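See below for the structure under consideration.
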Amino acid sequence: MRTVGPPKSLKYLIIMPITGLLSLLIFYYLFKMAFPTQFPEFTSFSGIPVPSNLITIVYIDVFFIFLLLPYALYSRKYSNYMLELKRQARSFLEIYPSIASSLPSVSQAILASVELVEPPLRDYLAAFGSLYKMTGDLEGSFMKIFSSSPRDVRLLLTSILTTAKSGGRASDILNITSRYAAELQRMEFYLRNRLQSYSSVIFLGIAVYGFSVGMTIVMLEVLKRNATFGLSGVATQAINIAGILGIFFYSLLIVSAASSYIIAKVISDFAPRSSEYFIYLISIGTMTMAIALSLAIHII
């Protein structure tokens, strides 16, 4: 019997440290060749070692991206697999009542419906129908095959078990379940679109934060060059601009990590997908920071 279920994370977890280490070494060599006097540069800010220029910050970003990329690919694949399985389960219940009413047994109805659906649900139904045909245990076969599926998929498809015990009211049960599944799919589609629009606000916020960090560093640089005094009376010459840049970058990493978890949990309902969103957010934040710094060079 063919094994069914979502993608496994083990091979992606094994690849993670390999890609992280390779990116650390390869890009260190490339950055060192391209920027021999500017990379790597770290400074101390209140006893905390921080990157002191944009080149070093980009290098750290690249390391995080390649370290998390394998797991981000897995989490995206897993999440899309589960979403597709949910969608197919709801669509399946719209066609199953007519199939079940035209065939004498549940196993025949399940196997006949296999060709009408696409993977991954097709694989589940084929395995379920074959196992039930061999064992005769409908409920045990269902739980064994669908144990790795989402909970709401199992709840919807248990209507197949219910109809097998309902006698002459099987079509009524299936029709009610079918209408419920269709309504649930419409509501989830609407909710997902609303949540995705909210996530765009978070992405925009990270972009604005990165740009404001760049502009803040530029303003501090202008004040330091003019040797003026700040509002607090502290000489601007004493400002550790490189250290402030590094601290801002650390705060960008923290904000991106928290935001990516929220997006993954609320929208995808799969927290490990935060690795994918973290890659997007730190890339956006660092890119807007670099844009702000490069634009300001022509001004000052």
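The values are calculated or read from the model by the stated rules, or taken from the named source; none is laboratory data. Predicted model only: the values in this text are computed from it and were never measured. Every residue, glycine among them, receives a Cβ derived from its backbone with ideal geometry; neighbour counts consider all protein chains shown.
Some points to look at:
- Members of region 252-263 found to be without any contact (Cβ under 8 Å) to a residue 40 or more places away in the chain and within 10 Å of the chain's Cα centre (by Cα), listed by number: Ser260, Tyr261
- Subset of region 29-48 [among the polar types (S, T, N, Q) and farther than 12 Å from Ala242 by Cβ]: Thr37, Ser46
- Where Tyr78 falls short, out of the listed (1) hydroxyl-bearing (Ser, Thr, Tyr); (2) touching a strand residue (DSSP E or B) at 6+ places or on another chain (Cβ under 9 Å); (3) in contact (Cβ under 8 Å) with a residue 24 or more places away in the chain; (4) buried (at least 16 other Cβ atoms within 10 Å of the Cβ): (2)
- Checked against the criteria, Leu131 does not count as out of contact with any Pro (no Cβ under 7 Å at 6 or more places or on another chain), in the same structural domain as Pro17 (by TED's automatic domain parsing) and buried (at least 17 other Cβ atoms within 10 Å of the Cβ).
- Within region 265-275, the set of residues being in contact (Cβ under 8 Å) with a residue 40 or more places away in the chain, assigned to a helix (DSSP H, G or I) and surrounded by fewer than 23 Cβ atoms within 10 Å (Cβ to Cβ) comprises Val266, Ile267, Pro272.
- Residue in region 35-55 that is within 30 Å of Pro150 (Cβ to Cβ), part of a helix (DSSP H, G or I) and in contact with a Leu (Cβ under 9 Å, 6 or more places away or on another chain) present: no
- Check on Gly20, assigned to a loop (DSSP other than H, G, I, E, B), within 31 Å of the chain's Cα centre (by Cα) and surrounded by 12 or more Cβ atoms within 10 Å (Cβ to Cβ): no
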